[in-house]
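Read the structure below first, then the notes.
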2 protein chains.
Amino acid sequence: MSAQGDGNVLYAQSGGVSAVINATAAGLIDAVLADGPERKIFAARNGILGALQEELIDIAAEDPAELALLHQTPGGAFGSCRFKLPDADQDERPYRRLREVFRAHGIGHFFYNGGNDSQDTTNKIDAWFRAQGHPLNCIGLPKTVDNDLAGTDNCPGFGSVAKYIAVSVRECALDVASMCATSTKVFILEVMGRHAGWITAAGALARSAPEDAPHLLLFPEVAFDPGDFIARVRSQVERSGYCVVVASEGIRTAEGEFLAAAGGAGDAFGHAQLGGVAPHLAHQVQEAGLKTHWATADYLQRAARHIASGCDVEQACALGRSGWQLARTGASGVMLGIRRLSDAPYRWEVEPVELGSVANLEKCLPENFRSADGYDVTPECLAYLRPLVLGEAAPSYNPETGLPNYARLKCRLAEKKLPDYQP
Amino acid sequence: MSAQGDGNVLYAQSGGVSAVINATAAGLIDAVLADGPERKIFAARNGILGALQEELIDIAAEDPAELALLHQTPGGAFGSCRFKLPDADQDERPYRRLREVFRAHGIGHFFYNGGNDSQDTTNKIDAWFRAQGHPLNCIGLPKTVDNDLAGTDNCPGFGSVAKYIAVSVRECALDVASMCATSTKVFILEVMGRHAGWITAAGALARSAPEDAPHLLLFPEVAFDPGDFIARVRSQVERSGYCVVVASEGIRTAEGEFLAAAGGAGDAFGHAQLGGVAPHLAHQVQEAGLKTHWATADYLQRAARHIASGCDVEQACALGRSGWQLARTGASGVMLGIRRLSDAPYRWEVEPVELGSVANLEKCLPENFRSADGYDVTPECLAYLRPLVLGEAAPSYNPETGLPNYARLKCRLAEKKLPDYQP
């Protein structure tokens, strides 16, 4: 049951953050505020947890000058979370609590900005409120640097990581090319993408000629063969003096074992925390007698707002804006996605997709995007990737410090009206 | 003995490259070319090795449009090397060979662009040619991302790494701050700086308020105490929910052992190849029960021309230009350095310093730049660092690809006139 245009707005961020998730927030906030001052807009502190704990950040209390910087600020300005709602038929308490909080603050519109796991949460909330006949427009907004979210041609957050990786690979390749005569011959860059090789694939955008770096891409979708890998590194070094490798954190052996796991206990969703593939590979290459440097980009890549893709920022912002337009029509149970209309020139539009068709699905790099030998991308993949890194969207810089102006929000909570709740 | 204004010019790059070493090359090349077309300028391929092997890149053969991009291109466009010349009293052959090559190509001016070890090479060459009475203007141009070069207030290359690290720490801190409620609580960034903590110190520039990240800086000049480190991480997480650490690759135990060594055999100068401090520290923090992410920036930091410091690019270029002005006066046996005239407003000038006072020296982070507890910098240090990251110098981007336009030089060698030589 929809709330049509009625009610206040609650926005929340979920899962791993990105360089542009705040641009989606900014798009939504700007659109809601443009509608007039009667309607309140809140952001839940730390995602769905803040909604449960009635920790609602009052956007009206923010300094407008800082709020204006939100679109160019990386990370999750209101706090994110990794928290899985139980199924309502197992435990209905959190859903009832959400209803209390939403009632107490007149929330008629709920926006959840996250990836696969988070859209499962959005879907569960929508279904429960619908079953209860409680009016709520419950809308998912996509976000994941991994680009593995179903229901959208590409996902905000990815384009900026892709641009960071492409630019960094091009830069590091120039470095190792100049050192290789007497020193480092191999450079290995470890990138994110636990199960999906989209970020690894973006390394291929670094090339401006076919012989350029990167020379080997190691995808999580392709079983890793140590002997074949070393042979290819060696042959590339013989061919041009150096070799640049982009490796996914999630590469696995033929037996399906992760090549490197950080040894953590995993997150709330049971995912292993990965990391350490690059030093592992570097050790193998060093053993083969080739001097190697390696880097692990980790948060550097997904927080790098300073080198964000203009296309990515524009789409992230448009999704937030469109979210509000859609909610006002009374839509619910949908996520907004990007539909590609053409590759070159790149044309796209925002379209709603059913949450049920999105939640918990993972979109891997398709087989026709990977070369036959498994170490490169295909022209089809490049055609897909190219538009996503187009355009620059540099943040403004403070001339007194030389650093980007990133928003410092107060995140002042609205007065609580309910007893405490422990999720 | 000086060559005054006579003769052709040979320029060479040495040691680890940087985001702006090519800006120094561009400054020199533009200045020499502006003097008229009679004089030839060559760049040795792979540093002093190219000079010995008569591999002289003919700058006149380059496409002017590509050459115009040199100032915004990272890495060493002509190739660098790690190669130590023997002392002339041990082995005079390489010096005699250099004299043959210089004679064959009419070289009257030799510029060596490098760090501590490289300026030792410049010094040896100057001394030998001087002793032989062979006219040569032999001039050192400074370069090192580590900022540990003596004889200059700061070293080109460092300002851009400092900016990259400061911006990245600010960005990654926003990321972990948004995740810490339910997930990652500690972020560790490993940075370069084998023996000198300048790059680590630059992390402190990320703060815009005293409580901001980074919370702990681990300098190579300060003995690492694992127990104290973990206690401080824990207390910081208790205080604000998360902790950001910037760690030098070169941190050592009280016994002087490197915390992590990559296991390589070391380079031509006998330096250990380091790397892997971040995963080492992350493991310790994870063991203490705090979920940790880590990144190792490695080449990402020193090749990051896309986020170069405007000040750094300007100084790098000015040093190349000034090198040519100085050589024309007949100066030799000097390196050009930066002299600081004031902190705020920042004023500086180029000054020549004796090579003998520079070669093989290492300038560590002074004690009054480190806080009493050893985990932070002092206000004096910040006053020193701040001007070095001022200004942006974004490269031009190709609107068709979304990537920076970096020079693609032909590096065509001038015709050889001498028999082969094996260094």
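The values are calculated or read from the model by the stated rules, or taken from the named source; none is laboratory data. Since the model is a prediction, treat every value here as computed from it, not as a measurement. Because the Cβ atoms are built from the backbone with ideal geometry, glycine has one as well, and the counts that use them run over all protein chains shown. Ligands, DNA and RNA are stripped out before the accessible areas are found, and what is left, the full protein with its side chains, is counted by its heavy atoms. Shrake-Rupley method; radii C 1.70, N 1.55, O 1.52, S 1.80 Å.
Between residue B:150 and B:361, B:363, the built amide H atoms are under 5 Å apart, and every one of these is 5 or more places off in sequence or on another chain.
Longest span of chain A, sites excluded, free of GluC sites (Glu not before Pro) in DSSP loop with at most 15 other C-beta atoms within 10 Å? In short, A:93-210. Positive contributions from Lys and Arg (+1) and negative ones from Asp and Glu (-1), summed over other residues with Cβ under 9 Å from the Cβ of residue A:134, come out at +3. For residue B:133, the point set 7 Å out from Cα toward Cβ sits 11.1 nm from its twins in the other copies, listed from shortest up.
Tell me, what is the FRET efficiency for residue A:346 and residue B:87 to the nearest 0.05, using R0 = 41 angstrom and their Cβ-Cβ distance as r?
Efficiency for this residue pair is about 0.10.
Estimated at the nearest 10 Å², the accessible area of residue A:417 is 130 Å² with a 1.4 Å probe.
In square angstrom and rounded to 100, what buried accessible area do you get between chains A and B, total over both, with the probe at 1.4 Å? Could you put the intermediate results ahead of the total?
Working: alone 17340 and 17370 Å², together 28920 Å².
Chain pair A/B: roughly 5800 Å² of buried accessible area.
Taking all protein chains together and a 1.4 Å probe, the residues A:95, A:421 rank A:421, A:95 from largest to smallest accessible area. Taking θ as phi - 60° and the Karplus parameters 6.51, -1.76 and 1.60, the scalar couplings of segment A:90-107 work out to 8, 7, 8, 4, x, 5, 5, 4, 4, 4, 4, 5, 5, 5, 4, 10, x, 6 Hz in sequence order, x denoting glycine and proline. Computed from phi, the 3J(HN,Hα) profile of segment A:144-158 under the Karplus parametrisation 6.51, -1.76, 1.60 (θ = phi - 60°) reads 5, 5, 6, 6, 9, 7, 6, x, 8, 4, 8, 10, x, x, 5 Hz, with x in place of Gly and Pro. When A:298, B:89 are compared by accessible area of protein heavy atoms, the largest-first order is B:89, A:298, using a 1.4 Å probe.
All other residues whose Cβ lies under 10 angstrom from that of residue B:245 are scored, Lys and Arg at +1 and Asp and Glu at -1, for a net of 0.
Compared with the dominant Cα axis of chain A, that is its longest principal axis, helix A:277-287 is turned about 10°. By a 1.4 Å probe calculation restricted to protein chains, residue A:82 has an accessible surface near 40 Å², given to the nearest 10. Here the label points at residue A:354 and residue B:288, each 7 Å from Cα along the C-beta direction, are separated by 5.0 nm in the simple model. The H on the amide N of residue A:397, modeled in the peptide plane, is under 5 Å from the matching H of A:405, each at least 5 residues off or on a different chain. With label points set 7 Å from Cα along Cα→Cβ, the inter-copy distances at residue B:89 are 9.1 nm, sorted shortest first.
Backbone phi angles across segment A:390-404, fed through the Karplus curve with coefficients 6.51, -1.76 and 1.60 (θ = phi - 60°), yield HN-Hα couplings of 6, x, 9, 9, 4, x, 6, 10, 7, x, 7, 10, x, 10, x Hz in residue order; Gly and Pro are listed as x. Here the chain B residue lying nearest the rotation axis onto A, judged by its C-beta and given with the distance in whole angstrom, is B:296, 2.
For the residue pairs A:291/B:410; B:84/B:417; A:40/A:124; B:143/B:417; B:40/B:143, the alpha carbons lie more than 29 Å apart in B:143/B:417. Amide H contacts of residue A:247: A:189, A:190, A:191, A:218, each under 5 Å away and 5 or more positions distant or on a separate chain (H built 1.01 Å from N in the peptide plane; Pro and chain starts excluded).
Please report the antiparallel percentage of the DSSP beta bridges confined to chain B, to the nearest 5. If you can, show how the numbers build up before the last one.
Working: 18 of 50 bridges.
Around 35 percent antiparallel, to the nearest 5.
Can you list the residues in segment A:299-322 whose accessible area drops by at least 30 Å² when all protein chains are present, compared with the chain alone? Use a 1.4 Å probe, heavy atoms only. Residues shielded by partner chains are A:299, A:300, A:303, A:306, A:307.
Average partner chain C-beta neighbours within 10 Å, per residue of B:279-288? Each step should come with its number before you reach the end.
On the way: counts 9, 1, 0, 7, 4, 0, 0, 5, 1, 0.
That average works out to 3.
Taking 20 Å as the cut-off, the amide N atoms of segment B:104-141 that come nearer than this to a point 7 Å along the Cα-to-beta-carbon line of residue B:38 belong to B:104-110, B:135-137. Between identical copies, the spacing of residue A:396 label points, each set 7 Å from Cα toward the C-beta atom, reads 2.7 nm from nearest to farthest. Rounded to the nearest 0.05, the FRET efficiency derived from the C-beta distance between residue A:325 and residue A:63 at R0 = 25 Å is 0.40.
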